[in-house]
Every structure is written in structure tokens, then in C-alpha cells.
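The structure appears right after this line, and notes come after that.
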Amino acid sequence: MVSTTTSPTAAPDSRRLKSSRYLKNLIEGYGMGCLEADRIKQPTAWITAGAPVEVLYTMGVFPLHPENSACVSGAGKVSLKFIEQAEAEGFSRDLCSYFKTNIGSTSLLTELGIIKKPADIQKGAISKPTFMVPGGSICDTHIKWLQTQARRMNVPIFPIDVPHVVAGEEDRMDDYADYVEAQLWDLVTFIEKHTGNTFDKVKFNEVIALSDELAMWWQKIYELRKHVPSPVGFMDTLAAIFPLVILPGIKPGITYFKKLYKEAEQRVADNYGAVEHEKYRLIFEGIPFWYAIRFVHMVETMGAVITYEPYTLAFGPRKPPNASMHDLAKLIIQSPYNLNLEARIAFFKDVIRDYKIDGVLLHNNQSCRPSATGMYDLRNALMEQTGTPCLILDCDMNDPRAYSDEQMKMRMESFLEILDANKKGR
């Protein structure tokens, strides 16, 4: 077995970016904004990953994010209670654990759509919105999820149908973008109807510019992670995606990312790594196990740094200057999780080369078809074409019943032995 004592490492939390503590202020500020939106009757919308949150900010609608709330439940170790509540209501164990967490939390933590206790926001509580905007990008559950909740809550819904890029994208992209753009303008009309707020092109340009600046700082942080030792590990990025999901188009997230970048840049200059005595550099593909962040701690105590996660990068695409609604439509379509297998393989090969990756961890998420589809084909292709060892982890993002500390430790120890042998054989 790989020894966790022969190369002692500092306690992982002691090497986290000090700037990460500012994230708590952002999250608390957002939670207060949720309560204030309820109090002053500001229009609100449930919106999913990959849907155009910038349009909401442009039109004065406060975004509520049920996936983010489900993550909060998982990290707070209360998701299982909500999942079991949803299953008691008749929803299958095979369904998305985010979806079931959201179903259960709204059943237990809200009454007539209103959060019973403000503190329950920290458990994943989320209020009944003015309307819902699910997007078909990234996840095939989004639309059925919010359709179910819209029916239960009796609120309007505007689903956005997003075609997936399977083949021939160069010939079809403009047609795809025209199709999605038309829906975005219909969304504007929908919002105007249900809120009375109007679309302002100048405001839209301002929001898009701020969204792009946020993405720019995130990508600059990722560029620094190419350095050996990596200045930023998964413990800092897994929660830091919060501004990319919820706050694109407003300033607080930019201020936070600038702090992260400045500190990470200094670490590069000082040759200071996120993991002491860095031995292995890893990719983690998939959604984290929110209820078991200790997994990342365990990996780091073994001398391994997770220095790249496609999941956390996917939320930060750059926007062209003076982006139009057509440009926004293209970005929605071009999410990395909309790409075909060949494009994903090429993407991973570039990352393995540029980030000097020793091994790849692939989360075969039991309740998330989109993130797990093609995982074994991806593993086989990467091992055959790059010689990089890959490990499939059969777990779940929000359901702790699918996770075992002992098994994960044994599998990681065995995997790192393979990485050692692979390094010696080079």
C-alpha cells in the first residue's frame, strides 16, 4: 500500500488559500438577498446550470438555484433526510439526487412556498419563485425537475431546449444558435409578462461584461494551476464556483476572484503548493461528493493534488466583447458537457499534457446520467492514447448511501501505487 506517513504532509486546511474565507461573506450575502427578495416581493426565478442567469440580472429578477441549494444540503450532511423524504413521496432511488434533495427540502423546510426558518437556507431551503427557467444544456433532468416543481407549486415555467453537439457542429452551429436565440428573446417576453420589467440593451451589455470579467479571473486562476507544485487544489475550487453559478454579471464575485488570483500568483512566485511534498497531479472529472469533502482531504494527505476539474471550469466561459443574445446562445450550446465523446477525449488529452497530469479520477455518478455517460469509453481512450492511469469511482454527488470511506481509501492507495509504478517506467 502507499504509505501516508513516509512523506508527511501538512493538514490540508492549513494550505488552503487564505482568500477562500471571503467566500463565506459572498454566500451569506446571497442568502440575505434571498430573504430580502421575499420580503420586498422582488421577482425571483429558479434557474438551472447552463441557463442564462445574465438575462435575469438584466431584467431585475433575483436568481434562485435549486442545484446550489442541494449542494448546500449535501455539504451540511442533511441531504439524505431530504432524499428519503422524496422517496417516501414516490420518487425512485434512481433519480437525480439533487432533484430528490430539492423535493424533500421544499416539503420539509418550506410552508406554502415560504422558508419556515431563515437559518434553514444553510440547510438548502429555497423559496417558491415567481417563475422557473430550466435549461436543457448540461443536464437532461433539469426540465422535468422544474416542470415537476412548477406543477407542485403552481408557478409559470419557461423551459429552454438546447440541442446537443453530436456531429457536424461546424455546419449546424449557426442554426443551433438561431434556434436558442429565438427562445431567449421569447424568455425576455415571458419575463416582461410576469414581472412588468423590461429588457435594457445597455444593462445587458454591462451584465455580460461583468460576467466575462468574472470568467476571465477564473481562467487566469486555472492557468496558474499548471505550475508545479500547483498553487490551488480542489479544496479551494469546489466551493469557489459559487460566483460563476449564481453571481455572473454582478461585481462581488469579481472582487473575490481577484483576491484568489493574487494569492495564487504569489504562491507560484514562492513555489508554494496547495499540497506539501506534491507527488501526484490529478484530474477529477465529475460532480464532487458534497457530503464527503473529506475525500479531497484524504487524497491530499497522500501527497496528491487535484489540479484540474472540468466541472469547475465549465461554469466560466469567456464572453465576446459587446456580446449579443446570439453569442449568449452559442455559449449555452457549447458547454463542455454538451460535447461528443471525441471532443471530450481531445479536451482531456490537452489537459493531461498542459497540466502534467499523472492520473485521472472519473466519478461515475450513480444518479447523474449526463455526467456519467461515456465514462468507461473516456477512461479506455485516455489510457490507450496517453498511457495515463484512470480510476473509475462509483459514487453519487448527494446521496451518502453510495459512499464508503474504507473502500475509497483502499482504492486510492492502490491507484497511487499504480501511479508510482507508471512514473518509474517512464
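Tabulated data
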read-out	value
Candidates 202, 207, 166, 228, filtered to the one that is surrounded by 19 or more Cβ atoms within 10 Å (Cβ to Cβ) and either at negative phi or out of contact with any Asp or Glu (no Cβ under 8 Å at 6 or more places or on another chain) (or both)	207
Residue list for segment 87-125, filter: free of Cβ contacts under 8 Å to residues at least 40 places away in the same chain, assigned to a helix (DSSP H, G or I) and within 19 Å of residue 154 (Cβ to Cβ)	105, 107, 109
Residue in segment 166-176 that is in a loop (DSSP other than H, G, I, E, B) and either touching a residue at least 24 places away in the same chain (Cβ under 8 Å) or of a type outside the set (Gly, Ala, Ser) (or both) present	yes
Verdict on residue 220 being touching a Phe, Trp or Tyr at 6+ places or on another chain (Cβ under 9 Å) and part of a loop (DSSP other than H, G, I, E, B)	no
Where a residue in segment 325-341 is hydroxyl-bearing (Ser, Thr, Tyr) and its partner, wherever it lies, is in a loop (DSSP other than H, G, I, E, B), with Cβ under 6 Å and at least six apart	335/50; 335/137; 335/138; 337/138
Candidate set: segment 207-252, residues that are charged (D, E, K, R) and touching a residue at least 12 places away in the same chain (Cβ under 8 Å); chosen: the one farthest from residue 263 (Cα to Cα)	212
Residues that are of a type in the set (S, T, N, Q) and surrounded by 19 or more Cβ atoms within 10 Å (Cβ to Cβ), drawn from segment 370-387	371
Tally of residues being among the β-branched types (Val, Ile, Thr) and over 24 Å from the mean Cα position of the chain (by Cα) across segment 36-61	1
Residues located in segment 276-329, provided they are buried (at least 19 other Cβ atoms within 10 Å of the Cβ), charged (D, E, K, R) and assigned to a helix (DSSP H, G or I)	300
Residue match in segment 22-43 (condition: touching a Lys or Arg at 6+ places or on another chain (Cβ under 7 Å), touching a residue at least 60 places away in the same chain (Cβ under 8 Å) and either outside any helix (DSSP H, G or I) or farther than 22 Å from residue 399 by Cα (or both))	yes
Looking only at segment 78-91, and only at residues there that are in contact with a helix residue (DSSP H, G or I) (Cβ under 9 Å, 6 or more places away or on another chain) and exposed (fewer than 14 other Cβ atoms within 10 Å of the Cβ), the one that is nearest to residue 148 (Cα to Cα)	89
Residues that are under 16 Å from residue 357 (Cβ atoms) and surrounded by fewer than 16 Cβ atoms within 10 Å (Cβ to Cβ), drawn from segment 406-420	418, 420
Sole residue being under 26 Å from the mean Cα position of the chain (by Cα), farther than 22 Å from residue 248 by Cα and hydrophobic (A, V, I, L, M, F, W, C), chosen from 188, 166	166
Check on residue 266, under 17 Å from the mean Cα position of the chain (by Cα), among the polar types (S, T, N, Q) and surrounded by fewer than 20 Cβ atoms within 10 Å (Cβ to Cβ)	no
Selection status of residue 367, within 30 Å of residue 174 (Cβ to Cβ), under 18 Å from the mean Cα position of the chain (by Cα), crowded, with 20+ Cβ neighbours inside 10 Å and hydroxyl-bearing (Ser, Thr, Tyr)	no
Qualifying residue in segment 68-84 (condition: at pLDDT 95 or above, more than 19 Å from residue 288 (Cα to Cα) and touching a Phe, Trp or Tyr at 6+ places or on another chain (Cβ under 8 Å))	no
Spans of helices (runs of 4 or more DSSP H) in segment 347-426 with at least 3 residues over 28 Å from residue 223 (Cβ atoms) and touching a residue at least 12 places away in the same chain (Cβ under 8 Å)	405-424
Residue among 128, 77 that is of a type in the set (D, E, K, R), closer than 21 Å to residue 28 by Cβ and in a loop (DSSP other than H, G, I, E, B)	77
Looking only at segment 39-70, and only at residues there that are in contact with a Gly (Cβ under 8 Å, 6 or more places away or on another chain) and polar (S, T, N, Q), the one that is surrounded by the fewest Cβ atoms within 10 Å (Cβ to Cβ)	42
Filtered residue count, segment 253-280, keeping only those that are among the hydrophobic types (A, V, I, L, M, F, W, C), touching a residue at least 12 places away in the same chain (Cβ under 8 Å) and more than 30 Å from residue 54 (Cα to Cα)	3
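The values are calculated or read from the model by the stated rules, or taken from the named source; none is laboratory data. These figures come from a predicted structure and were not determined experimentally. When we count neighbours, we look across all protein chains shown, and the Cβ atoms used for this are built from the backbone with ideal geometry, even at glycine.
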